[in-house]
Amino acid sequence: MGIYTVAMAQQFLGNPSAIHATGSAHPGGADQEAFVTMTYDSGARASLLISGIATLAQLASCSFEHAQLSLDAPFLVPSGLQLQTKDFYPTGEHWLDTTGVVGHEGLSYQATWFAHYVSQGLVESPVHTHADVIAVLEALEEIVKQVTGGAPLP
């Protein structure tokens, strides 16, 4: 259920102080769609739409005080990004991934960094620590609990 969306929100904003999720569950009990708002002690918030039943645009954007960052679809694999002002007629830059690495071939980047960390004797990524991974899973668990009403999966 939406691990990329939750992990991206965490990477930009940290761990949420509160999660509110509504949605629907499959008759078998598993979550199938969620509308999530995560709030943070800083006052920031993340709004996520995650669906296993509807085809969504797979876009991601982050709005900051003076700029907006948008990741092209599908945001979870190599694509492109735009950094723009928040003006009514925004200006900015657009970068497109032209490496030729497409789709899930982008997992090769993760494998390369994993090998780099191992070669340095590291036992975890300094970018996504074990604690970060667990926090994402805990957030996902809370989302599923709220969407399914806390019913255990069969």
Pick from 81, 122, 59: which is most flexible by mean-square fluctuation in a GNM of the chain where alpha carbon atoms under 10 Å apart are linked? 122
Can you tell me the relative contact order of the range 1-133? Whole percent, Cα pairs under 8 Å, sequence separation 6 or more. 12 percent
I need 72, 87, 97 ordered by Cβ neighbour count within 10 Å, fewest first. 87, 97, 72
Using only the Cα atoms of the range 3-148, build the gyration tensor, take square roots of its eigenvalues as a ≥ b ≥ c, and label the shape rounded, prolate or oblate: rounded if a/c is under 1.5, else prolate if a/b is larger than b/c, else oblate. rounded
Using the 10 angstrom Cβ neighbour count as an exposure proxy, how do 53, 3, 143 rank, fewest first? 53, 3, 143
Would you mind computing, in nm to one decimal, how far apart the modelled labels at residue 58 and residue 26 are, each placed 7 Å from Cα along Cα→Cβ? 2.0 nm
Quick note on 50, 134, ordering by fewest other C-beta atoms within 10 Å, gives 134, 50
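Here, each number is a calculation from the coordinates, and none is a lab measurement. Bear in mind the structure is a predicted one, so any value in this text is a computation, not a measurement. Cβ atoms come from the backbone with ideal geometry, glycine included; neighbour counts cover every protein chain shown.
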